[in-house]
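Let me begin by presenting the structure, written as structure tokens, before commenting on it.
No value in this document is a laboratory result; all are computed from the given coordinates. Because the structure is a prediction, the values reported are computed rather than measured. When we count neighbours, we look across all protein chains shown, and the Cβ atoms used for this are built from the backbone with ideal geometry, even at glycine.
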Amino acid sequence: MNLQSDDFELFGLPRRFALDRAELDARWKELQRQAHPDRAAAQGAAAQRVAMQWSVRINEAYQRLKDPLRRAAYLCELHGAAIQAEDNTAMPPQFLLQQMQWREALDEAQDGPALDALQDETEEARRAALQRLAGLIDEEQDFPAAVPEVRALMFIARFARDIEERREQLGQ
């Protein structure tokens, strides 16, 4: 293992958006078993610290790879297409219109069925965006074109949390 490896190299996986989750989980367990600090107990405190660093590195990589949104952003960054979500919020006009409609619907939602419908609609948009990302990243290798899709997914993820907060406010 090499601390300088990217997450895919660390896990011995191809740099692809589409991953086999069972394979990822199995690799994570194997890497954690190899790097577990208890295995270095007989070698002293320094060896245990190194093992702990490895364990943290493996867990960070696993968290990034298992989350489709984080994995897509990571792949874009690895290929020189920075997401820049904090300072570049450019979105296609159609998606901006959709955001406005969702926000209005959320503001007007007064019960569980209205929130359920909104949640279903945003989940469908999420699935469609993930599908587009798979094509852009794995098939077309068009990382700059994938960046706006990643940003859209970030909005959708935040909006899903807003729906849940609205549910809590309404006691649903």
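Going by alpha carbons, how many degrees (0 to 90, nearest 10) lie between the helix axis of 45-66 and the longest principal axis of the chain? That works out to roughly 30 degrees. Sequence-ordered 3J(HN,Hα) estimates for segment 81-88 from the Karplus curve with 6.51, -1.76 and 1.60 and θ = phi - 60° stand at 10, 5, 6, 6, 4, 6, 10, 9 Hz, glycine and proline given as x. Look at where the Cα atoms of segment 44-73 and of segment 151-172 average out, and the two centres are 28 Å apart. 3J(HN,Hα) couplings calculated from phi for segment 159-172 with the Karplus curve 6.51 cos²θ - 1.76 cosθ + 1.60 (θ = phi - 60°) are, in sequence order, 5, 4, 5, 4, 4, 5, 5, 5, 4, 5, 4, 8, x, 8 Hz; Gly and Pro show x. The ranking of 77, 124 by Cβ neighbour count inside 10 Å, starting from the fewest, reads 124, 77. Once the Cα atoms of helix 21-35 and of the chain are each reduced to a long axis, what angle between those two axes, in degrees from 0 to 90 to the nearest 10, is obtained? That helix lies at roughly 40 degrees to the long axis. Over all projection directions, the Cα-based convex hull of the chain averages an area of 12.7 nm².
Once Rg and the Kirkwood radius are both taken over the C-alpha atoms of segment 93-170, their ratio Rg/Rh works out to 1.05.
The equivalent ellipsoid of segment 1-55 has semi-axes of 26, 12, 6 Å, largest first, where each one is the square root of 5 times an eigenvalue of the Cα gyration tensor.
Round to the nearest 10 and give me the degree value, 0 to 90, for the angle of helix 112-134's Cα axis relative to the longest principal axis of the chain. That works out to roughly 50 degrees.
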